[in-house]
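Okay, so here's the structure we're looking at.
Every number here is computed from the coordinates shown, using simple stated rules; none is lab data. As the structure is a prediction and not an experimental result, all values here were calculated from the model. A quick note on method: Cβ atoms are made from the backbone with ideal geometry, for glycine too, and the neighbour counts reach across all protein chains shown.
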Amino acid sequence: MDYFGLIFLAIILEGIITYVKEFFVKGHIKWEMVISIVIGVLTTCAYGVDVMAMAGLKTNIPFLGCILTGILVSRGSNYVFDLIKAVGAAKEKAA
C-alpha cells in the first residue's frame, strides 16, 4: 500500500466512525440512519460498487469494500462530494 492508499483508508474510516457515533443521541437509536445504511449497503453490494477497489485497495474479506462503500453512500451526496475533494487533495500531496 502506498501513501495515498493509507491516507485514503484513514479518511474513509474516520468518516465511518464519525457517522456511527451519531447513531445514539441521548440514549436513542436514530432509526433513519440505520435504514439509510441498510439501503446503502444493499444497493452497493447488489451493484458491486467498491470505492476501496476503485482506489486500488484490495481486501481478503469478500464484500467488505461494498459494505464500507454502502455506509459512505448512505451519508448522502454532500458527504461523498466532500470525500472526493479530500481524497483528491490527499492524492496530490502523496504524489
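Computed quantities for the displayed model
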{"item": "Angle between the chain longest axis and helix 31-47 axis [Cα atoms, degrees, rounded to 10]", "result": "50 degrees"}
{"item": "Helix-only [θ]222 nm of the chain, DSSP H runs n ≥ 4, -39500 (n - 2.57) each, per residue, nearest 500", "result": "-23500 deg cm²/dmol"}
{"item": "Nearest 10 degrees, 0 to 90: helix 3-21 Cα axis against the chain principal axis", "result": "10 degrees"}
{"item": "Taking only Cα atoms of segment 47-95, radius of gyration then Dmax in Å", "result": "11.7, 32"}
{"item": "Per-residue Cβ neighbour rank within 10 angstrom, fewest leading, L68, L13", "result": "L13, L68"}
{"item": "Least to most buried among E32, E14 (fewest other Cβ within 10 Å first)", "result": "E32, E14"}
{"item": "Given charges at beta-carbon only (K, R positive; D, E negative), |dipole| of segment 3-94 in Debye", "result": "100 debye"}
{"item": "Euclidean distance of C-alpha centroids, segment 35-59 and segment 62-95, integer Å", "result": "11 Å"}
{"item": "Cα-based Kirkwood hydrodynamic radius, segment 22-69, one decimal, Å", "result": "11.8 Å"}
{"item": "Among 3-12, 83-92, the order from most to least packed when residues are scored by Cβ within 10 Å on average", "result": "3-12, 83-92"}
{"item": "Cα long-axis angle, helix 77-94 against the chain (0 to 90 degrees, to the nearest 10)", "result": "20 degrees"}
{"item": "Long-range tail of P(r) for the chain (Cα pairs > 16 Å, %)", "result": "57 percent"}
